[in-house]
Amino acid sequence: MGVVLKQSVQNVVVTYLGFIFGAVNTLFLYTKILPAEYYGLVTFILASGAILMPLMAFGIHNTLVKYYSFYSDDQKDGFLTLMLLVPLLGIVPVALVGLFWYDPLGDYVSQVNPIVKHYLWYVYFVGLAMAYFEVFNAWCKVLMKSVFGNFMKEVFARVGVSILLLLYYFEVISLDLFFKSLVGLYLLRTIIIKIYAFYLRYPRLNFNFPAGTREILSYSFLIILGGSAALILLEIDKVMLNQFVNIENVAYYGVAVYIATVIIVPSRAMHQITYPLTAELLNLGDSDGLKKLYQRSSLTLFIASGILFVLIILNLNDLYLMIPENYRSGFTIVFLIGLAKVMDSILGNNNSILFNSQYYRTVLVFGVGLAILTIVLNYILIPKLGLEGAALASFVSILIFNIVKLVFVKMKFGILPFTQATFKVLATLILLTVLFNLVQFPFHPIINILLKSTLITLMYVGILYRFNISEDVTGMLSKWLKKNTP
């Protein structure tokens, strides 16, 4: 097994492991241990830090990956020194804003929830930790060591949060120390990945920066816009809810969103494989290969994300019976955000095509425009519809953004991700939803979820195999059946 394939498989395992720990934290530990208003505060701090991250990293985590291989070994020390220093162009101004305008900024964000004002510096340090973590994680990736960084990103912090919550539950630490430790956890994660990155290649400071520094900084600035736009689409709803509703509602919303976010796990895993493949096909000018990968990745991800969406929606009532009552009113949120994640998945490797092509600047402009639209929609819809308004704003923004990207790829490359199989999968998913929506079991919620999920999955896989809807699925099942048939 090659290095890339081996690490891709390991990264898939790590990603799923991280989501398991995240689900335990989100659905059970946070909801049953931390008071709702403080869980909402945690959600606000982490979402705000994530939005600050691209600015404070100054796009370097993408720039490092793009340009590292361009330079000889003699030039790489100067390049890496530049990569360590450039984030200060984002970090220092944000710190100065915090120092000189803390009170006005704090008063603005705490109009509805006064508690938030006292935690703004926590947002800064979480954003700082996330920023340099991404820089050092990219450092590891260019040296072909991605698994440890992925483990630190997906698993380490979530396991750490589990430990902190249990320590608070058993009164080993206070609530104040819990929040300080939470920030410390993200800083510790960054320190660990830094040590690992320096172990792989220890930088010798060299202030003779490489040729093309101006181009590097220009690219980094564009990536700030793209990264900020992407994270605004993902996180701004949680931040803006703080301006309109009591902060415990942010916790209720965050739980519903996390349930829906499970749908993108297959997509995150597959993109680690399709991203380099897409770049290679574009570099070779292989239009037929690109079209085939576009359509196969779209179909495979639609098959996976579609059934996850159906399983979540049909089992949601049983799932809600296992968490506190205050968190059970998010069906509409789960439906809208889940549907948005399915739409993301059905585009397959669309993002990889766009960001590896010469059109990436245009896409960044689209992203910024959609980020602005998202903010505007949240301002309009949250006061009118509350939590459902935030979900609707995200759904509409993602729908428009995906349509724009779909049309753009069609115009520039002449390809679409959909085939006849796409509509067969859609018809199958609708059939299963209608059929099993009428089926209710009278057992414990866990048994109900396992029983219904098993029946739905068996029927789904059976239909896919019987009608040969997907070559990949049929081929995989055929190999498995041959192996297990006497």
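The values are calculated or read from the model by the stated rules, or taken from the named source; none is laboratory data. Note that the structure is predicted; figures quoted are calculated from it, not measured. FYI the Cβ positions are ideal-geometry reconstructions off the backbone, even for glycines, and counts take in every protein chain you see. Side chains are part of the model used for accessible areas, which takes the heavy atoms of the whole protein and leaves out ligands, DNA and RNA. Shrake-Rupley method; radii C 1.70, N 1.55, O 1.52, S 1.80 Å.
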- [ ] Give the residues of the stretch 226-246 that are among the polar types (S, T, N, Q) and either at positive phi or surrounded by fewer than 23 Cβ atoms within 10 Å (Cβ to Cβ) (or both), sorted by residue number.
- [x] S228, Q243, N246
Task: Test set (1) open to solvent by less than 50 Å² (accessible area, probe 1.4 Å); (2) touching a residue at least 24 places away in the same chain (Cβ under 8 Å) - F198 fails condition number - done: (2)
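Is it true that some residue in the stretch 83-92 is over 22 Å from F133 (Cβ atoms) and either open to solvent by 50 Å² or more (accessible area, probe 1.4 Å) or of a type in the set (A, V, I, L, M) (or both)?
No.
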TODO: Pull up the stretch 411-421, narrow it to residues that are open to solvent by 50 Å² or more (accessible area, probe 1.4 Å) and among the aliphatic types (A, V, I, L, M), then point me to the one that is farthest from Y460 (Cα to Cα).
DONE: M411
- [ ] Could you tell me whether the stretch 422-437 includes any residue that is loosely packed, with under 12 Cβ neighbours inside 10 Å and within 26 Å of the chain's Cα centre (by Cα)?
- [x] no
Open item on the list: What's the number of the only condition in (1) open to solvent by 20 Å² or more (accessible area, probe 1.4 Å); (2) in a helix (DSSP H, G or I); (3) closer than 29 Å to T332 by Cβ that Q295 fails to meet?
Closed with: (3)
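Can you find a residue that is outside any helix (DSSP H, G or I), open to solvent by less than 40 Å² (accessible area, probe 1.4 Å) and not charged (D, E, K, R) anywhere in the stretch 247-266?
Of the residues in the stretch 247-266, the ones outside any helix (DSSP H, G or I) are 247.
From what is left, the residues that are open to solvent by less than 40 Å² (accessible area, probe 1.4 Å) are 247.
Applying the additional criterion that residues be not charged (D, E, K, R) yields 247.
Looking through the stretch 247-266, at least one residue is outside any helix (DSSP H, G or I), open to solvent by less than 40 Å² (accessible area, probe 1.4 Å) and not charged (D, E, K, R).
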TODO: Give the stretch 112-150 a look and list any residue that's within 30 Å of R201 (Cα to Cα), open to solvent by 50 Å² or more (accessible area, probe 1.4 Å) and assigned to a helix (DSSP H, G or I), or say none.
DONE: F125, K141, F148
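If only one of F133, F70 is at pLDDT below 90, among the aromatic types (F, W, Y) and closer than 21 Å to Y219 by Cβ, which one is it? Even if it seems obvious, please write down each step before you answer.
Values: F133 fails: at pLDDT below 90.
Criteria check complete, one pass: F70.
Does the stretch 379-388 include one or more residues that are within 27 Å of A304 (Cα to Cα) and at pLDDT 90 or above?
Step one: list which residues in the stretch 379-388 are within 27 Å of A304 (Cα to Cα), which gives 388.
Subsequent filtering for residues that are at pLDDT 90 or above retains 388.
So far as the stretch 379-388 goes, yes, one or more of its residues are within 27 Å of A304 (Cα to Cα) and at pLDDT 90 or above.
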Open item on the list: Considering only residues that are under 17 Å from the mean Cα position of the chain (by Cα) and farther than 19 Å from G226 by Cβ, which ones fall in the stretch 348-398?
Closed with: G348, A391, F395
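Tell me which residues, restricted to the stretch 53-81, are of a type in the set (A, V, I, L, M) and crowded, with 22+ Cβ neighbours inside 10 Å.
Going residue by residue through the stretch 53-81, those that are of a type in the set (A, V, I, L, M) are 53, 55-57, 60, 64-65, 80.
Result: M53, M56, A57, I60, L64, L80.
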- [ ] Looking at (1) of a type in the set (V, I, T); (2) open to solvent by 20 Å² or more (accessible area, probe 1.4 Å); (3) at pLDDT 95 or above, find the lone condition where I45 falls short.
- [x] (2)
TODO: Could you tell me whether the stretch 173-193 includes any residue that is in contact (Cβ under 8 Å) with a residue 40 or more places away in the chain, farther than 30 Å from K384 by Cβ and among the hydroxyl-bearing types (S, T, Y)?
DONE: yes
Task: Residue check, K117 farther than 30 Å from G212 by Cα, touching a Ser or Thr at 6+ places or on another chain (Cβ under 6 Å) and not hydrophobic (A, V, I, L, M, F, W, C) - done: yes
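Residues that are outside any helix (DSSP H, G or I), open to solvent by 30 Å² or more (accessible area, probe 1.4 Å) and either closer than 22 Å to G59 by Cβ or touching a Leu at 6+ places or on another chain (Cβ under 6 Å) (or both): does the stretch 210-225 have at least one? So that I can check it myself, show each step before the final result.
To start, the set of residues in the stretch 210-225 that are outside any helix (DSSP H, G or I) comprises 210-212.
Retained after the next criterion (residues that are open to solvent by 30 Å² or more (accessible area, probe 1.4 Å)): 211-212.
In the following step, the residues that additionally are either closer than 22 Å to G59 by Cβ or touching a Leu at 6+ places or on another chain (Cβ under 6 Å) (or both) were identified as 211-212.
Looking for residues that are outside any helix (DSSP H, G or I), open to solvent by 30 Å² or more (accessible area, probe 1.4 Å) and either closer than 22 Å to G59 by Cβ or touching a Leu at 6+ places or on another chain (Cβ under 6 Å) (or both), one finds at least one in the stretch 210-225, hence yes.
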